[in-house]
Amino acid sequence: MDVEKYIQNIKNSKLNQYFQNNLLELNPFRNHKIENYKYAQLNKIDYNIAHKNIHSIDLNIKDNFHDIFKNAKTMEHVTLDHMQWTFNAPDSPIRLSSLIKDPVVHSFDLNNFNEEVCIIDLSNYLELNFIFDYSNNEKMSLIIIDSEINSNKSPRYLKFNIHEKANIEILQMSYNKENSLIFYEFNQNDSSNVNLTALQANNVQLRNEFYFNLASHCSTKISGTNFCNLGVNDNYSFIQHNKPDSSSKEVFKSIVDHGAITNFQGKIYVDKIAQKTDGYQMSRSLLLDDISKSNNKPELEIYADDVKCSHGSTISKIDQDHLYYFNSRGISSDLATKILKKAFIQEVLDSIENVSLKQISDKIVSSFL
Amino acid sequence: MLNINNLKVSIDEKEILKGLSLKINKGEVHALMGPNGSGKSTLSYVLSGKEKYQVNGGSVDFKDNNLLDMDVDERANNGLFLAFQYPMEIPGVQTSFFLRTAMNAKRKFNNKPELDALEFAKELKKKSQELNINPDMLKRDLNVNYSGGEKKKQEILQLSMLDPDLAILDETDSGLDIDALRIVSEGVNKARNSENSFLVITHYQRLLNYIKPDFVHIIADGRIVKSGDYSLALELEEQGYEKMAQA
Amino acid sequence: MAATEQTIKQVKTLESGDYKYGFSSDIENIQAPKGLNEEIVKYISKQKNEPEWMLEWRLKAFNVFNKLKKPDWAKLNFPEIDYQDYYYYSSPKSMKDKPKSLDEIDPEILKTYEKLGIPIEEQKVLSGVAMDVVLDSVSIATTYKKQLNDLGIIFCPISEAIQEHPELIKKYLGSVIPVSDHSFSALNSAVFTDGSFVYIPENVRCPVELSTYFRINAINTGQFERTLIIADKNSYVSYLEGCTAPMRDENQLHAANVELIALDNAEIKYSTVQNWYPGDKDGKGGIYNFVTKRGACRGVNSKISWTQVETGSAITWKYPSCILQGDNSKGEFYSVAITNNFQQADTGTKMIHIGKNTTSKIISKGISAGNASNTYRGQVKIQPTAINARNFTQCDSLLIGNECGAHTVPYIESANSDAQVEHEATTSKINEDQLFYCQQRGLSHEDAVGLIVNGFCKEVLQNLPMEFAVEAKKLVSISLEGSVG
């Protein structure tokens, strides 16, 4: 995507017209009266701000990946199915619309892929709805690439059924998106583990929603980082502890500049019977200039008494004392800022377990700094 | 090397340094002693260029350049090093990576090529062994969860790696036990040579048993009130600050 | 000395010395007809002998009220309010009316208040608190009036202020909480009956704690008090507010508006201990408490500090907020909210940072027991102009039993990179080890819980003025009685 050209186009055309013609048909970004879309307001995008430093990122992902993962497979064994579609997360008209639009569901049995890493590039598919099933105890790593400029602006729906004792690691990447809404739903059965890492960069208008339904003795780890330099970027998560003894840990870090807006809304829900739940949620934003904004709404809704839940949220700029320490060792402010940005999201990179995934993430992130 | 002339500094409109003068020549070690609130740390911050310190008068020449005109990193690359009293904890930045970045910044400043990884690793291993630093420590985040002693050792390791012309040690002895104090001092002594200079800021004479200064200055209320040789430190230990400052 | 004696005597006459929260005084009342319409608004205004401009203001507000829907953001569950089912004006015919007999008091309630010790009113009088007593819709007495007068401090019922200080009322009333803010604020603006008015002139430090004491007495009465406090340049005032209501099966309605204005270098400290009737064990009855409290730090270096202990009411809907306009202004919010049985609370604060170097601090402690639901809802908003703004928020929730809920809903919005916003929240249960330790030292289970919960709330309770702190500590323990099995 040539973003500069893209912005120029937007500037030249009448904004109203643009909104009407180009956005999701059922546009959640415009309806801030729905609590969950409170901050996802398109009219807050200021297209007059000079987006000088923005250029399309060519990650050359596939080549990169194939270098690293010689044995990786992309999805070829695809079965198309009409499936009974059930929602375990709260319904919303927006989510349902993807089904109305395309009642065909792409169904993947991840157990068929016995390689170390499996790559799914969403741009390869026109379908909107996907179901993934995984039941092996052995850990598998999955990469989901979401980067195409899709003419199809309908919301997408990705549902994961993680069976008992299954163990999966997912790296989700969203970049160069001009406008995207994707729902991720994870239904975790007893004693399953999910480790999800989200890397997002260079998106104009992005909203990812993550729904987790946890049975007992599950563990869920979500780590996200969003480099937001344009438009409005939104992340929403809803983690539902339905049964006892599960733990969830979510860390979300955003770096914002060039007048962009980054939003994080997250909720930990603990059912009455979900005793001994351990829930943790942290969202941090780093504002790099005076015109950027960040909104955070971390939420706890708890009905069980024997639980340990906490959340935290911070918004600030780069610590000036840290900068001073770097300077005092002869490191220029520019370089120090880069290093401190990397340090800010290091926690997210550290959460990736697969060495190869870690490597590639590191590389990708470095190209964003 | 360093020539401070009648320096006046305030912070938040409160004057801390009230006309301080100090001259340090190449190869000399100076000790600056004084009670709490006398302006010791202010001097070290001002020399390193920390923001918020307002210079109201006087001058500081460093290697014949006006130090006060330079940015913080410019001063560092010109050979000024401050070993902090409270080294900053920076999560997410590996200690060895930080060191390497700092060394390369200086090399770049002096138009030298970057240090290759092997050379750096060799140097780092040698220097950290001298200071009895556990190699694991260098893999951890910068100063995060370091003990007080480890932080100070890490500062001295940076000092020996960066090889400055003038090193300011700001209460490096605070929070150190006897063994750590000895190791840290040995590290400093090893870094000493006829080309570089040190300014050792401390409360106690104890540190000066290990790092022998050529000159000792007593600071009180933002001015140097007395200067002498090493014997002044002993005298001070006996008589206390109050008496000495009056004299 | 004479003043104190006089005050004691006066309050004693008013409350007949047997004042306990939980019973209603059988006082003959002048009451407006039941229901809400324009005529009632006019009736209230007439009863208060108000000038024309005030009536117009009320009518305008009533119009706005008719157009607004009830705010729906709170996590509260209660039947639709039938505004026509309340009396909007009630006033005792004579101040010398006495209750029929003490025997009518529910022994349960009496027991509760025995535990509180001396009647709180007396305690306050003895400790030199100037009080404005509001019984239903009428402000009955303001003590210490003369002493305050000498300092130029105006402390009087708001109805009196409308008559005597119209210039201040016109300037400030509704200037912090716009009439159209939401339906409760509009309702209050239309039908408010009484409340306190405080004006602290320039360079005056109010020497005593000012206090209002609210009490809903008459059956099916809505209480709509309105408080307006103005602290002029370089002044200081500490204001206490206490509330109780008798036990009734019906849900009584309370919708107050409180506006604070702090000018340059002024400081207002506002403390509340809210102990409205919470309803019985099965959730029957209790006060619906919809309160809008908002302070504006208009001047540079001004400060507004809210402290609240919320133990009563069936429904609590309350967000004492600060608008930090002046450079270097400061907002604070300290809150303890305890819900037991079927109580529901949705409470928190808003800190709007507009001026440079503004700071805010939020400490909220929520305790939920029985079948109760307790929600912290708070907003921290940093405007682009608020350079160097700082906020720190800490909300902790404690759950006792597994039929209750504790929720935390913070909104953190920053549009300034120089600002620093920090939010922390935890939810947990009472530490079993602490409980065991206390019991091993001989404390009963209930006492141990009270002790631990008081410790949990300490950071907030210590911000209360002395007289209140003692009472609040006891309230904390009492509110949780029967919650631990």
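The values are calculated or read from the model by the stated rules, or taken from the named source; none is laboratory data. This structure is a prediction, so every number in the text was calculated from the model and none was measured. Heads up, the Cβs are rebuilt from the backbone with ideal geometry, glycines too, and the neighbour counts pull from every protein chain shown.
Looking at this structure, is residue A:262 surrounded by fewer than 24 Cβ atoms within 10 Å (Cβ to Cβ), in a strand (DSSP E or B) and touching a strand residue (DSSP E or B) at 6+ places or on another chain (Cβ under 7 Å)?
No.
Any chance region A:202-213 includes a residue that's within 22 Å of residue A:279 (Cβ to Cβ), surrounded by fewer than 24 Cβ atoms within 10 Å (Cβ to Cβ) and more than 13 Å from the chain's Cα centre (by Cα)?
Yes - at least one qualifying residue is present in region A:202-213.
Any residue at all in region A:190-209 that is of a type in the set (Val, Ile, Thr) and not in a strand (DSSP E or B)?
Yes, region A:190-209 contains a residue that is of a type in the set (Val, Ile, Thr) and not in a strand (DSSP E or B).
Table: residues versus (1) touching a Lys or Arg at 6+ places or on another chain (Cβ under 8 Å); (2) small (Gly, Ala, Ser); (3) not in a helix (DSSP H, G or I).
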site: C:148; (1), (2), (3): no, no, no
site: C:152; (1), (2), (3): no, yes, yes
site: C:162; (1), (2), (3): yes, no, no
site: C:167; (1), (2), (3): no, no, no
site: C:177; (1), (2), (3): yes, no, yes
site: C:188; (1), (2), (3): yes, no, no
site: C:203; (1), (2), (3): yes, no, yes
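Criterion first (under 30 Å from residue C:286 (Cβ atoms) and either of a type outside the set (Asp, Glu) or more than 11 Å from chain A (Cβ to nearest Cβ) (or both)) does residue C:459 satisfy it?
Yes, satisfied.
Scan region C:386-394 and tell me whether some residue there is in a loop (DSSP other than H, G, I, E, B), touching a residue at least 60 places away in the same chain (Cβ under 8 Å) and at the interface with chain A (Cβ under 9 Å from one of its Cβ atoms).
Looking for residues that are in a loop (DSSP other than H, G, I, E, B), touching a residue at least 60 places away in the same chain (Cβ under 8 Å) and at the interface with chain A (Cβ under 9 Å from one of its Cβ atoms), one finds none in region C:386-394, hence no.
Could you check region C:174-188 and list, in sequence order, the residues that are among the hydroxyl-bearing types (Ser, Thr, Tyr) and under 17 Å from the mean Cα position of the chain (by Cα)?
Once the filter is applied, which keeps residues that are among the hydroxyl-bearing types (Ser, Thr, Tyr) and under 17 Å from the mean Cα position of the chain (by Cα), region C:174-188 yields only C:185.
Please give the number of the condition residue C:407 fails out of (1) more than 8 Å from every other protein chain (Cβ to nearest Cβ); (2) in contact (Cβ under 8 Å) with a residue 60 or more places away in the chain.
It fails just one condition, (1).
State all residues of region B:156-206 that are in contact (Cβ under 8 Å) with a residue 60 or more places away in the chain, part of a helix (DSSP H, G or I) and β-branched (Val, Ile, Thr); if no residue qualifies, say none.
Residue satisfying the conditions is B:156 alone.
Here is a list: A:290, A:306. Which entry is surrounded by fewer than 19 Cβ atoms within 10 Å (Cβ to Cβ), away from chain B (no Cβ under 14 Å) and in contact with a strand residue (DSSP E or B) (Cβ under 8 Å, 6 or more places away or on another chain)?
Details: A:290 fails: in contact with a strand residue (DSSP E or B) (Cβ under 8 Å, 6 or more places away or on another chain).
So the residue among A:290, A:306 that is surrounded by fewer than 19 Cβ atoms within 10 Å (Cβ to Cβ), away from chain B (no Cβ under 14 Å) and in contact with a strand residue (DSSP E or B) (Cβ under 8 Å, 6 or more places away or on another chain) is A:306.
Sort out which residues of region C:66-75 are more than 14 Å from every other protein chain (Cβ to nearest Cβ) and in a loop (DSSP other than H, G, I, E, B), and write them in order of number.
Selection gives C:68, C:70.
Of all residues in region C:321-347, which are polar (S, T, N, Q) and either at positive phi or in a strand (DSSP E or B) (or both)?
Residues satisfying the conditions are C:321, C:328, C:335, C:339, C:341, C:344, C:347.
Which residues, counting only those in region A:274-285, are more than 8 Å from chain C (Cβ to nearest Cβ) and either surrounded by fewer than 24 Cβ atoms within 10 Å (Cβ to Cβ) or without any contact (Cβ under 8 Å) to a residue 12 or more places away in the chain (or both)?
Passing the criteria: A:276, A:278, A:280, A:282, A:284.
Go through region C:281-307 and give me each residue that's closer than 14 Å to residue C:268 by Cα and not in a loop (DSSP other than H, G, I, E, B).
Those that are closer than 14 Å to residue C:268 by Cα and not in a loop (DSSP other than H, G, I, E, B): C:293, C:294, C:295, C:296, C:297, C:303, C:304, C:305, C:306, C:307.
Kindly check whether there is at least one residue in region C:434-450 that is touching a helix residue (DSSP H, G or I) at 6+ places or on another chain (Cβ under 9 Å), surrounded by 20 or more Cβ atoms within 10 Å (Cβ to Cβ) and within 14 Å of chain A (Cβ to nearest Cβ).
yes
Identify all residues within region B:96-112 that are at the interface with chain A (Cβ under 10 Å from one of its Cβ atoms), over 16 Å from residue A:333 (Cβ atoms) and touching a helix residue (DSSP H, G or I) at 6+ places or on another chain (Cβ under 7 Å); write none if there are none.
Within region B:96-112, B:99, B:103 qualify.
Would you check which residues across region C:334-366 are more than 14 Å from residue C:324 (Cα to Cα) and among the charged types (D, E, K, R) and list them?
C:346, C:365
Report whether or not residue A:268 is crowded, with 24+ Cβ neighbours inside 10 Å, within 14 Å of chain B (Cβ to nearest Cβ) and under 26 Å from residue C:382 (Cα atoms). Steps first, answer last, please.
On the way: crowded, with 24+ Cβ neighbours inside 10 Å: yes; within 14 Å of chain B (Cβ to nearest Cβ): no; under 26 Å from residue C:382 (Cα atoms): yes.
The answer is no for residue A:268.
For residue B:116, which of the numbered conditions (1) in contact with a Leu (Cβ under 7 Å, 6 or more places away or on another chain); (2) more than 14 Å from chain A (Cβ to nearest Cβ); (3) more than 27 Å from residue B:211 (Cα to Cα) fails to hold?
Result: residue B:116 passes all but (1).
Residue A:216 versus (1) more than 19 Å from residue A:159 (Cα to Cα); (2) buried (at least 24 other Cβ atoms within 10 Å of the Cβ); (3) hydroxyl-bearing (Ser, Thr, Tyr): which is the lone unmet condition?
Going through (1) more than 19 Å from residue A:159 (Cα to Cα); (2) buried (at least 24 other Cβ atoms within 10 Å of the Cβ); (3) hydroxyl-bearing (Ser, Thr, Tyr) one by one, residue A:216 breaks only (2).
Under the condition of being touching a Leu at 6+ places or on another chain (Cβ under 9 Å), of a type outside the set (A, V, I, L, M) and surrounded by fewer than 20 Cβ atoms within 10 Å (Cβ to Cβ), which residue from region A:316-340 is nearest to residue B:162 (Cα to Cα)?
Filtering first and then ranking leaves A:333.
Just a yes or no: is a residue in region B:170-179 modelled with pLDDT of 90 or more and of a type in the set (A, V, I, L, M, F, W, C)?
So far as region B:170-179 goes, no, none of its residues is modelled with pLDDT of 90 or more and of a type in the set (A, V, I, L, M, F, W, C).
Return yes when residue C:417 is at the interface with chain A (Cβ under 9 Å from one of its Cβ atoms) and part of a strand (DSSP E or B) and no when it is not.
no
Scanning region B:194-216 for residues that are more than 18 Å from residue B:83 (Cβ to Cβ) and surrounded by 14 or more Cβ atoms within 10 Å (Cβ to Cβ), which turns out modelled with the lowest pLDDT?
The qualifying residue modelled with the lowest pLDDT is B:205.
Cβ-Cβ distance below 9 Å, separation of 6 or more or different chains: which pairs start in region B:134-150 with a residue that is modelled with pLDDT of 85 or more and end on one that is of a type in the set (Phe, Trp, Tyr) and part of a loop (DSSP other than H, G, I, E, B)?
Cβ pairs passing all conditions: B:137/B:146; B:140/B:146.
Take residue A:345 and decide whether it is more than 10 Å from every other protein chain (Cβ to nearest Cβ) and touching a residue at least 60 places away in the same chain (Cβ under 8 Å). Full working, then the answer.
Numbers: more than 10 Å from every other protein chain (Cβ to nearest Cβ): no; touching a residue at least 60 places away in the same chain (Cβ under 8 Å): yes.
Answer is no for this residue.
Mind listing just one residue for me: the one in region B:93-126 that is touching a residue at least 40 places away in the same chain (Cβ under 8 Å) and assigned to a helix (DSSP H, G or I) and, of those, farthest from residue B:153 (Cα to Cα)?
Among those that are touching a residue at least 40 places away in the same chain (Cβ under 8 Å) and assigned to a helix (DSSP H, G or I), it is B:106.
Residue C:412: closer than 27 Å to residue C:355 by Cα, facing chain A (nearest Cβ under 9 Å), free of Cβ contacts under 8 Å to residues at least 40 places away in the same chain and outside any loop (DSSP other than H, G, I, E, B), yes or no?
Considered against the rule, which asks whether it is closer than 27 Å to residue C:355 by Cα, facing chain A (nearest Cβ under 9 Å), free of Cβ contacts under 8 Å to residues at least 40 places away in the same chain and outside any loop (DSSP other than H, G, I, E, B), residue C:412 comes out as yes.
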